[in-house]
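Peer 1: Submitted below is the structure of interest, expressed as structure tokens.
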Amino acid sequence: MTDISRDAALQEASIPALLMCLAQITGESHWLEDPFRPKRDVSIFADPTGGLEPQLQQIVREAVARVLDELGSGRRKMAPPPPPEKIAQMLSVCVGEAVPQEYAQMAMEEMGFASRAIDWRAPAAEAGDPGLQVLVVGAGFSGICAGYHLKRLGVPFTLVERLPNLGGVWLENTYPESGVDTPNHFYSFSFAPNLDWSSNYSKRDEVWDYQHRVFDEIGLAAHTEFSTQVERMRWDDARSLWEVTTRDAAGRERTRAFRVVITAAGNLNQPKMTAVPGLESFEGEAWHSARWRHDVPLSGKDVAVIGTGASAMQFLRTVATEARTVTIFQRSPQWARPPQDYHGKTSPGSRWLLHHVPFYYAWYRFGLVWRFGDGLLPTVRRDPQWPHPDRAMNHRNDRQRQQLTDYLLEQLDGRPDLVAKCLPDYPPYGKRILIDNGWYQALRRDNVELVTQPVDRIERNSLVTPDGQRFRADVILLATGFEPGKMLWSIDIQGRSGRSLKEAWAGDNPRAYLGMTVPDYPNLFVLSGPNTALAHGGSVLLVTECQMRYVTGVLREMLEQGISDLEVRPEVHDAFNERIDAEHAELVWTHPGMNNWYRNAQGRVFAPMPWRLVDYWRMTRSPRLEDYQVRVPA
């Protein structure tokens, strides 16, 4: 770490976070009272001053310096950990607004003050069937999380990954400027903090390095088979086992039995190859953004980009500086928010604080959890009294629309032609909200053209629109997204009745209880399953951790009670999905003014979660065995 003085680091610290550190280290409550109480701040990245006057800020910094000296010299001992009710009070003081009591335990887990993991109620050696074998499919973030929890419990498991290395989407998506759009300190595991992110929004390589570090620290290599594709899964009801056939890189098939299967394959792993007639006969090079061809230089080339979603938003400014011309084909425009700290680097001072001030990381992380999480959900709920339902869901959503519109008009000032093409007519968050990675400025370039028509067909080296316009290209970049509705379609999974999961989820309509379990498929748990994506804000890793707490909770019941298999009751599954559909009917993703990848052809929203994070956290705290048909061998 670059040398930096303590005083310099404290000058750039978050005053609200320092106040919480003081209250926790010293046990003194006056740090939570006026005149030190921070003011409410709804920004994504909060004002580090907390709204306090300069002289009060300095009092806080000097107090922290004094406390650090006392801790270092042994003249001060840490105060006892605050009880949950005190933590709940501190949460509200930290963000300057009322944080409901129901968030306290979830926040304590996110901050590392409480464990999210399941423990045995009886000694592990006495727990149930020692022959339990678990298969985990996929070595991305979800698979790593599954491995952590299973290894911690001492449950035997095998992790298989179809790719030659770990990482999932972070292995495959290497397009220029690929990176996170959720802050790293939130988009990381609560059990594996990284205090040295180089940016608040790191690029792909740094995220992939983090995955490798966690994978290695847990010790997952000994459990993992790479370049291993799961071909088939058959439920053997007589033995209460999954018969799983895998194929290795050499094409050799192997069939093994597992009591439990956890799929961690994700829902953004099958690129959507746009069905444009003639693509196969294109005379140039064409590839999907998730299969980037780094061996093909774009310098001096005429490049066509089909799609304007998240990947195009990230790679356009790089492609535009390399290519001779870039023509972008847009079906509908996207809302993009200002980059704020998107391109900034974390300073040596900010990293010093995370390393040297006790509890600073925890309170900094909580601020991100709160601002990027449930606070956004009410803004995308329908207000039946709102007089302008075509443009916004409610008055707060309309204020978001105005803020995003003002930003767009500022970026495209003097270009009314681009404003007309880029200004969406649907409510914000109706599609995935994006961060402007120089998108608007790239559109202003002389070598970039935005076409607001789809591609009708491809003829030799030209893309043709429905009105007959022709656009020449040497390279076609497909920024067309993925096939989330076809999750697990690459595996032939047959349940108790012999019915395939692909048939059960036909029509891009996957459904599961809690996003994890499906009737007719015993002992199968789907991580990142239907209706568990986050479209309103938050980190999907929090959802994954909640799911693995639930799964390990089920495993504990199976082992301690001698349960051979369990299958979610159809009526429980169906009632849960009816609740999901009813919730989504009130949320922006069913708004009639646009299409999005969250919704299937029948209009059902199958991907995003309609609940608050705290609701899902509560739903997955402890499994209810009454929700399942349970078998215990005689």
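Readers should treat all values here as calculations from the given coordinates under stated rules, not as data from a laboratory. For clarity, every value in this text was computed on a predicted model and none was experimentally measured. Positions of Cβ are generated from backbone atoms using ideal geometry, with glycine treated the same way; all protein chains shown enter the neighbour counts.
Peer 1: With a ≥ b ≥ c taken as the square roots of the eigenvalues of the C-alpha gyration tensor of the stretch 492-614, please select rounded if a/c is under 1.5 and otherwise prolate if a/b is larger than b/c or oblate if it is not?
Peer 2: oblate
Peer 1: Between the stretch 215-241 and the stretch 586-634, what is the separation of their alpha carbon centroids in Å?
Peer 2: 26 Å
Peer 1: About its Cα centre, how strong a charge dipole does the stretch 552-602 have in debye, to the nearest 20, once Lys and Arg get +1 and Asp and Glu get -1 at the Cβ?
Peer 2: Using only the charged Cβ atoms, the result is roughly 240 debye.
Peer 1: On full extension of the chain, what length is gained from residue 253 through residue 490, given 0.36 nm per residue of separation minus the C-alpha to C-alpha distance?
Peer 2: Residue separation times 0.36 nm, minus the Cα-Cα distance, leaves 83.8 nm.
Peer 1: At a Cα cut-off below 28 Å, give the lysines reachable from residue 39, other chains included and same-chain residues fewer than 8 away excluded.
Peer 2: 86, 345
Peer 1: On a straight-distance basis, which aspartates and glutamates could pair with residue 151 in a cross-link, Cα separation under 14 angstrom, same-chain partners fewer than 8 positions away excluded?
Peer 2: Candidates past the 8-residue exclusion: 119, 216, 217.
Peer 1: Over the stretch 585-634, what number does the Rg to Rh ratio reach, with both radii from the alpha-carbon atoms and Rh per Kirkwood?
Peer 2: Value, to two decimals: 1.20.
Peer 1: Just want to confirm a number: the relative contact order over the stretch 240-336, from Cα pairs under 8 angstrom separated by 6+ residues, in percent.
Peer 2: 19 percent
Peer 1: Sticking with this structure for a sec: Could you work out the helix-only [θ] at 222 nm for the chain, with each DSSP H run of four or more residues adding -39,500 (n - 2.57) and the total divided by the number of residues, to the nearest 500 deg cm²/dmol?
Peer 2: Mean residue ellipticity, 222 nm, calculated: -9500 deg cm²/dmol.
Peer 1: Let me ask something else about it. Select from the stretch 217-307 those GluC sites (Glu not before Pro) which occupy a DSSP coil region and have at most 15 other Cβ atoms within 10 Å, ordered by residue number.
Peer 2: 283
Peer 1: Just to confirm a number: summing +1 for Lys and Arg and -1 for Asp and Glu over residues other than residue 334 whose beta-carbon lies under 9 angstrom from that of residue 334, what do you get?
Peer 2: Neighbour charge sum, excluding residue 334 itself: +2.
Peer 1: Counting alpha carbon pairs within less than 8 Å and at least 6 residues apart, what relative contact order, in whole percent, applies to the chain?
Peer 2: 17 percent
Peer 1: Using semi-axes √(5λ) of the Cα gyration tensor in Å as the read-out, say which of (1) 38, 36, 24; (2) 46, 32, 20; (3) 61, 26, 23 was calculated from these coordinates.
Peer 2: Checking each listed value against the structure points to (1).
Peer 1: Can you tell me the FRET efficiency between residue 626 and residue 196 if r is taken as the Cβ-Cβ distance and R0 is 56 Å, rounded to the nearest 0.05?
Peer 2: Once rounded, the FRET efficiency stands at 0.75.
Peer 1: Sort the stretch 338-426 into rounded, prolate or oblate with this rule: let a ≥ b ≥ c be the square roots of the eigenvalues of the Cα gyration tensor; rounded if a/c is under 1.5, and if a/c is not under 1.5, prolate when a/b is larger than b/c, oblate otherwise.
Peer 2: oblate
Peer 1: Then there's this: Can you run phi through the Karplus equation (6.51, -1.76, 1.60; θ = phi - 60°) for the stretch 49-57 and list ³J(HN,Hα) in whole Hz, with x for Gly and Pro?
Peer 2: The phi angles translate into 6, x, x, 7, 5, x, 5, 5, 4 Hz.
Peer 1: A follow-up question, please. Please go through the stretch 387-476 and write out the trypsin sites (Lys or Arg not before Pro) that DSSP classes as loop and that have at most 11 other C-beta atoms within 10 Å.
Peer 2: Sites meeting the loop and neighbour criteria: 460.
Peer 1: Straight distance only, please: which lysines reach the Cα of residue 486 with their own Cα at less than 25 Å, same-chain residues fewer than 8 apart left out?
Peer 2: Within the straight-line limit of under 25 Å, residue 486 reaches these lysines: 272, 431, 502.
Peer 1: Between the DSSP loop rule and a limit of at most 13 other Cβ atoms within 10 Å, which trypsin sites (Lys or Arg not before Pro) in the stretch 103-212 are left?
Peer 2: 121
Peer 1: If you don't mind, there's one more thing I want to ask. So what's the convex hull volume per residue for the Cα atoms of the stretch 123-261, in Å³?
Peer 2: Residue-normalised Cα hull volume stands at 127 Å³.
Peer 1: Here's another thing I want to ask about it. Got a sec? Charge dipole of the chain, +1 on Cβ for Lys and Arg, -1 for Asp and Glu; which of 201, 144, 507 is way out at the positive end?
Peer 2: Positive-end residue among those listed: 507.
Peer 1: Would you kindly give the portion of the calculated P(r) for the stretch 178-336 that falls above 19 Å, as a percent of all Cα pairs?
Peer 2: 71 percent
Peer 1: State to the nearest 20 debye the size of the charge dipole of the stretch 567-634 about its Cα centre, where the only charges are +1 on K and R beta carbons and -1 on D and E beta carbons.
Peer 2: Result for the stretch 567-634 is approximately 240 debye, rounded to the nearest 20.
Peer 1: Right, another one. When the chain is fully extended, how far beyond the present Cα-Cα distance does residue 619 get from residue 447, taking 0.36 nm per residue of separation?
Peer 2: 56.8 nm
Peer 1: Roughly how many debye, to the nearest 20, is the charge dipole of the chain about its Cα centre, given +1 on each Lys and Arg Cβ, -1 on each Asp and Glu Cβ, and no other charges?
Peer 2: Result for the chain is approximately 280 debye, rounded to the nearest 20.
Peer 1: Sticking with this structure for a sec: Work out, in µm²/s and without decimals, the Stokes-Einstein translational diffusion coefficient of the stretch 399-534 at 25 °C, 0.890 mPa s, Rh from Kirkwood over C-alpha pairs.
Peer 2: 127 µm²/s
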